[in-house]
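Trainee: Structure below; questions to follow.
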4 protein chains.
Amino acid sequence: MCRWLAYSGSPIFLSRLLFEPEHSLIVQSLRARQSVFPTNGDGFGVGWYGSRSEPGLFRDVLPAWNDDNLQSIAEQIESHLFLAHVRASTGTATARANCHPFRWGEWLFMHNGAIGGYEQIRRELDLLIDPDFYLNRRGTTDSEAMFYLALTHGLETDVPGALARTVSDIERLMKEKGVTAPLRVSVVVSDSRRLWAVRYASDDAPPTMYIGRASAALYYAGLEGGGNDVLVMSEPLDDVDDNWQLVESASVVTVIDGDVTSSAFVPVSH
Amino acid sequence: MCRWLAYSGSPIFLSRLLFEPEHSLIVQSLRARQSVFPTNGDGFGVGWYGSRSEPGLFRDVLPAWNDDNLQSIAEQIESHLFLAHVRASTGTATARANCHPFRWGEWLFMHNGAIGGYEQIRRELDLLIDPDFYLNRRGTTDSEAMFYLALTHGLETDVPGALARTVSDIERLMKEKGVTAPLRVSVVVSDSRRLWAVRYASDDAPPTMYIGRASAALYYAGLEGGGNDVLVMSEPLDDVDDNWQLVESASVVTVIDGDVTSSAFVPVSH
Amino acid sequence: MCRWLAYSGSPIFLSRLLFEPEHSLIVQSLRARQSVFPTNGDGFGVGWYGSRSEPGLFRDVLPAWNDDNLQSIAEQIESHLFLAHVRASTGTATARANCHPFRWGEWLFMHNGAIGGYEQIRRELDLLIDPDFYLNRRGTTDSEAMFYLALTHGLETDVPGALARTVSDIERLMKEKGVTAPLRVSVVVSDSRRLWAVRYASDDAPPTMYIGRASAALYYAGLEGGGNDVLVMSEPLDDVDDNWQLVESASVVTVIDGDVTSSAFVPVSH
Amino acid sequence: MCRWLAYSGSPIFLSRLLFEPEHSLIVQSLRARQSVFPTNGDGFGVGWYGSRSEPGLFRDVLPAWNDDNLQSIAEQIESHLFLAHVRASTGTATARANCHPFRWGEWLFMHNGAIGGYEQIRRELDLLIDPDFYLNRRGTTDSEAMFYLALTHGLETDVPGALARTVSDIERLMKEKGVTAPLRVSVVVSDSRRLWAVRYASDDAPPTMYIGRASAALYYAGLEGGGNDVLVMSEPLDDVDDNWQLVESASVVTVIDGDVTSSAFVPVSH
């Protein structure tokens, strides 16, 4: 289980959200509150959109709470849409290639959760990935496999549909192998302008996911920033209940230019 | 604040104490119980005596709980005397040179604690180190400075005396700079045959330190190992009170061939 | 292209061969002489057999020429059979999981060479690996895939046969995809007592491979060590022609208790 | 000995100079041509000025030729003035804190060269550093000591003068210790708007240093970029002699808004 945040809005320095608030993502890397894994020290990553169409990507294996490079980069880079992730491994190795976000062309993807019985279905999952995408599989995590499977299922033209087919595939493989452990998914995808977040579980305990306004949270923290912005996070930046809304289970949230819409997320067999 | 253990006794595989018990040192790296810093993820180190007079040293910057190299090395290496340390930085960088133990010829040294106002006295502390030892200063921690200052004060011929003079120097420098934060020290030193441990603080809250028999703790854990052995640790390996004795504050414990003696530790101005 | 050595004989400290000779493997990591890639700085690894049946494994991503941990471990560990490898990536990432040797139970495997058009056949190659072995695929190199494919083909009971079937599979996949770049292989496998080395290429330029006596090379270097020993290396430790014999192309060398036998290596379709 | 470049001019992406030209700095990290140390694989660093007064800093210990993070960051960040460095250690450890550039507030500093007999004068050199600057000494290199000594000597108000006093101090300490090995210096300093480069040696073999126009070199390479720009480098980006001018020994070059002036550099005792 991991912690992450995704921001969309007026350009701000990454450090404003990653480092400055009292319960910032970097603080969550050391002491998460809404996870059974309070320590998220198995690497981190940030992906951000700047002046190129392809996003920047910086991932490393040290704990985020103590990485000077991350701090300096976050202080220098401004972005209108970025994803950040601190990792608590559920079994796979600590390696840059296993850190989130993952990138394909203009696309970024990150995940918190776990595929029950992943070791049992890993090979079959890999086989479902289109060869062109498989070439870019660099690590061994379930999350990266989900990304390339979603691309195989048309993520670039239909994000909710591709994720629904991906989740359906995974549930089918789990069933075939007799896996009883649950599938728990908390995914974010972006193409630089739009952002999608899916909260889903095969049981009744999906990872937490909150949505709020970064500008409100920053204002509360005595900081400026944001504007027409949306912040999606594993857990809130602060204790002000009014600032955060829990995303419903089995739903997909779409953020475009500050507008948020939500709809049901239902796995689709195909 | 950090967590450490020091073992002296019949040769055992390092993994027996580092990985196998339920509350092993590696578990303590993720969830220490007797420290205000439960996470000790800023690097680790092991120093061990084998068939050469100079000890082996393996230190790295990843969290100990997730380092395959540490696990494999601990499973392969047997030693009659070894020191192991998991680090929670009190301000200095995560770097191999800042990981414990430190080595000088046949000597190993590790520390848990902090020098109050270290930044204010760092330069003066460095100046007290003999030039021959200073050449080997590789990092920037207060702990490494203490080691080279203790060597300057004759550690190689009188461990308790050298540490007493070192602590006195530090307290004097702190006083000169008007530092009010306390000095807290929990040190282990070895020369391959003997082991010394000092527990001391300038206030009434020295870091915890326990002494026990590894063989008793391993027996309780359903494991074999040890023999004529002594284990000194920041916190116990298990919950069996009878297995562990709290080392008194302001004392130095000496372990030679399984015999443990204890005496008062009093800083000595000189 | 990489550089490696494999030693079998009386127990010696790893450092004796890795660090002490003038043209040691660590020196070759910085300045190889018989390779078009003189710099082998993309990680390293050592695998050694000690008192357990499973070998030890230490791999890291820094250049071998400047890694204090490698030096200390090599100075402390004695082994009767060990493999060491310095890596020059042919395209895949610098990551511990991509460093050699690879380990499966009691087995170690390392490789120097390249599969032509690996990116084009990578997925098909992965599909040939038995699911039980596939679970242990940790990285993305062609070398690791070869190891798990050889295990799939019965490496544990017939090393030369399994490698012959593996090479045949690879050549067939290359042909199917129209790959014209050559397959070049220089492989070492061990189970702690025996050691096999295969030199082969689909064109007339297999990687270099030499066989000699470590004791002779060490004697020339003014060092002691070895005894009833055999050393197989990518390139010699010294310039004494009499100390080294080039392994013939398309051959497999078997070393058991100091005895060396050689036979033809012919890929076997199946 | 290391390789570096410093750019001042119209904002360009860092990758334009670090990665794209045929003999780019990253290529020089693997195969430098004008150095007795062709391999510069002991870490790297970039420092750049963006929209804040304090520069960004990204340094890591892997070889620059194989670091995905460096490539992505260089592709995303545009800067009007940046410094980049690939390191070949002359004895001190591979560690982030030993990588260049070094930063103090708005200032960046990097170096190629060596202080003869550094180990003999290291402690005395450290003692000359003002306590306020000494607090920020994070590593153990001679280069970092030079930077903090230059700050002690007033770098912030008089760069050439502070460097002249620093070099004089070092030569005096070397003389006092009877060091006969030479001092060789190739330094760059910047405050975001201005850039100073000093080439100097106590013998007749200072490190190479060239000055040219990035726009001319990029044009030759079929690339666009630069404008009113100056590029200072350890060795040229290409083989077009007209693009590069060797900086005279014992001189200091000053670059302000595209204007280059040069004057003699003479150590000043004080």
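Trainee: Against the conditions (1) open to solvent by less than 10 Å² (accessible area, probe 1.4 Å); (2) closer than 17 Å to D:ASN66 by Cα; (3) at pLDDT below 95, where does C:ILE121 fall short? Just the number, please.
Mentor: (2)
Trainee: Which ones in the range C:89-100 are of a type outside the set (Val, Ile, Thr) and more than 8 Å from chain A (Cβ to nearest Cβ)?
Mentor: C:SER89, C:GLY91, C:ASN98, C:CYS99, C:HIS100
Trainee: Could I ask something else about it? Give the range A:212-270 a look and list any residue that's of a type in the set (S, T, N, Q) and part of a loop (DSSP other than H, G, I, E, B), or say none.
Mentor: Listed by number, the residues that qualify are A:ASN228, A:SER234, A:SER249, A:SER269.
Trainee: Here's another thing I want to ask about it. Just one of the numbered conditions (1) open to solvent by less than 10 Å² (accessible area, probe 1.4 Å); (2) in contact (Cβ under 8 Å) with a residue 40 or more places away in the chain is not true of A:ALA145; which one?
Mentor: Unmet condition: (2).
Trainee: Under 8 Å between Cβ atoms, which residue pairs at least 6 apart in sequence (or on different chains) link something in the range C:54-83 that is within 17 Å of C:ASN40 (Cβ to Cβ) and modelled with pLDDT under 95 with a partner that is part of a helix (DSSP H, G or I) and open to solvent by less than 10 Å² (accessible area, probe 1.4 Å)?
Mentor: Sorted first by the residue in the range C:54-83, then by its partner, the pairs are C:PRO63/C:SER29; C:ALA64/C:LEU25; C:ALA64/C:SER29; C:ALA64/C:LEU70; C:TRP65/C:SER29.
Trainee: Suppose we keep only residues that are closer than 26 Å to C:PHE82 by Cα and open to solvent by 10 Å² or more (accessible area, probe 1.4 Å) within the range C:182-200. Which one would you say is farthest from the chain's Cα centre (by Cα)?
Mentor: The qualifying residue farthest from the chain's Cα centre (by Cα) is C:ARG193.
Trainee: Can you tell me which residue in the range B:240-249 is most open to solvent (accessible area, probe 1.4 Å), limited to those that are more than 17 Å from the chain's Cα centre (by Cα) and of a type in the set (Asp, Glu)?
Mentor: Selected residue: B:ASP242.
Trainee: A follow-up question, please. Residue by residue through the range B:35-46, note down the ones that are closer than 24 Å to C:ARG103 by Cβ and away from chain C (no Cβ under 11 Å).
Mentor: B:PHE44
Trainee: Limited to the range A:59-73, what total is found for residues that are among the small types (Gly, Ala, Ser), facing chain D (nearest Cβ under 8 Å) and surrounded by 24 or more Cβ atoms within 10 Å (Cβ to Cβ)?
Mentor: The total comes to 0.
Trainee: Looking at the range B:152-181, which of the residues that are without any contact (Cβ under 8 Å) to a residue 60 or more places away in the chain and of a type in the set (Ser, Thr, Tyr) is surrounded by the most Cβ atoms within 10 Å (Cβ to Cβ)?
Mentor: B:THR166
Trainee: Another question about this same structure. May I ask you to list the residues in the range D:155-170 that are polar (S, T, N, Q) and within 15 Å of D:SER143 (Cβ to Cβ)?
Mentor: If the condition is that a residue be polar (S, T, N, Q) and within 15 Å of D:SER143 (Cβ to Cβ), then D:THR166 is the only one that fits.
Trainee: Out of the residues in the range C:47-58 that are facing another protein chain (nearest Cβ under 7 Å) and crowded, with 20+ Cβ neighbours inside 10 Å, which is nearest to D:GLY91 (Cα to Cα)?
Mentor: Across the range C:47-58, the extreme among qualifying residues is C:PHE58.
Trainee: Before we move on, is A:TRP104 open to solvent by 10 Å² or more (accessible area, probe 1.4 Å), closer than 30 Å to D:SER53 by Cα and not polar (S, T, N, Q)?
Mentor: No: the conditions fail for A:TRP104.
Trainee: May I ask you to list the residues in the range C:74-83 that are acidic (Asp, Glu) and either more than 10 Å from chain B (Cβ to nearest Cβ) or farther than 20 Å from C:GLU106 by Cα (or both)?
Mentor: Of everything in the range C:74-83, just one residue is acidic (Asp, Glu) and either more than 10 Å from chain B (Cβ to nearest Cβ) or farther than 20 Å from C:GLU106 by Cα (or both), namely C:GLU75.
Trainee: Also, I was wondering about something else. Of these, A:ARG3, A:ARG31, which one is within 29 Å of B:ARG96 (Cα to Cα) and crowded, with 24+ Cβ neighbours inside 10 Å?
Mentor: The unique qualifying residue is A:ARG3.
Yes/no matrix, rows are residues, columns are (1) surrounded by fewer than 20 Cβ atoms within 10 Å (Cβ to Cβ); (2) of a type outside the set (Gly, Ala, Ser); (3) at pLDDT below 95:
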position	(1), (2), (3)
B:SER215	no, no, yes
B:ALA221	yes, no, yes
B:GLY226	no, no, yes
B:VAL230	no, yes, no
B:ASP238	yes, yes, yes
B:SER251	yes, no, no
B:VAL255	no, yes, no
B:THR261	yes, yes, no
B:SER269	yes, no, yes
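Trainee: Take D:GLU124 and decide whether it is within 12 Å of another protein chain (Cβ to nearest Cβ) and farther than 17 Å from D:LEU108 by Cβ.
Mentor: yes
Trainee: Look at C:VAL86 and say whether it is under 15 Å from the mean Cα position of the chain (by Cα), crowded, with 22+ Cβ neighbours inside 10 Å and either within 14 Å of another protein chain (Cβ to nearest Cβ) or under 27 Å from A:LEU62 (Cβ atoms) (or both).
Mentor: So C:VAL86 fits the description; yes.
Trainee: Among the residues that make up the range A:101-119, is at least one of them within 30 Å of A:GLY9 (Cα to Cα) and at the interface with another protein chain (Cβ under 10 Å from one of its Cβ atoms)?
Mentor: yes
The values are calculated or read from the model by the stated rules, or taken from the named source; none is laboratory data. Model, not experiment: these values are computed from the prediction. FYI the Cβ positions are ideal-geometry reconstructions off the backbone, even for glycines, and counts take in every protein chain you see. With ligands, DNA and RNA removed, areas are computed over all heavy atoms of the protein, side chains included. Shrake-Rupley method; radii C 1.70, N 1.55, O 1.52, S 1.80 Å.
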